[in-house]
1. So, in the range 1-34, of the ones that are of a type in the set (D, E, K, R) and either surrounded by 10 or more Cβ atoms within 10 Å (Cβ to Cβ) or in a loop (DSSP other than H, G, I, E, B) (or both), which residue ends up nearest to the chain's Cα centre (by Cα)?
2. Output the number of the condition that Pro44 fails; it satisfies all remaining conditions of (1) open to solvent by less than 100 Å² (accessible area, probe 1.4 Å); (2) modelled with pLDDT of 90 or more; (3) not aromatic (Phe, Trp, Tyr).
Amino acid sequence: MDAIQQHLLDTYRAAQRSEPAPPPPGRHDRTVLRDLYRHWLTHPPTCRTGASTPSCPPTPSGV
């Protein structure tokens, strides 16, 4: 079942129960991505022990 089919099913169930319809899929994607980017800017990832990435220099083994 894809997102559109799930949305249609949820809309039908909401109508049967006299509840408000759920928002369509993808409606908040841009806002979520913007918030994640802002969070990443204010809380950069930290280096874990043993991680070797461009932002984390390699550590000698056994230290």
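1. Among them, the one singled out is Arg34.
2. It is condition (2) that Pro44 fails.
A quick yes/no check of all residues on (1) out of contact with any strand residue (DSSP E or B) (no Cβ under 7 Å at 6 or more places or on another chain); (2) at pLDDT below 85; (3) among the acidic types (Asp, Glu):
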| residue | (1), (2), (3) |
| --- | --- |
| Asp2 | yes, no, yes |
| Leu9 | yes, no, no |
| Gln16 | yes, no, no |
| Pro23 | yes, no, no |
| His39 | yes, no, no |
| Ser55 | yes, yes, no |
| Pro60 | yes, yes, no |
| Val63 | yes, yes, no |
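The values are calculated or read from the model by the stated rules, or taken from the named source; none is laboratory data. Note that the structure is a prediction, hence the values are computed from the model and not measured. Because the Cβ atoms are built from the backbone with ideal geometry, glycine has one as well, and the counts that use them run over all protein chains shown. To get the accessible areas, we keep the full protein, side chains included, count just its heavy atoms, and leave off ligands, DNA and RNA. Shrake-Rupley method; radii C 1.70, N 1.55, O 1.52, S 1.80 Å.
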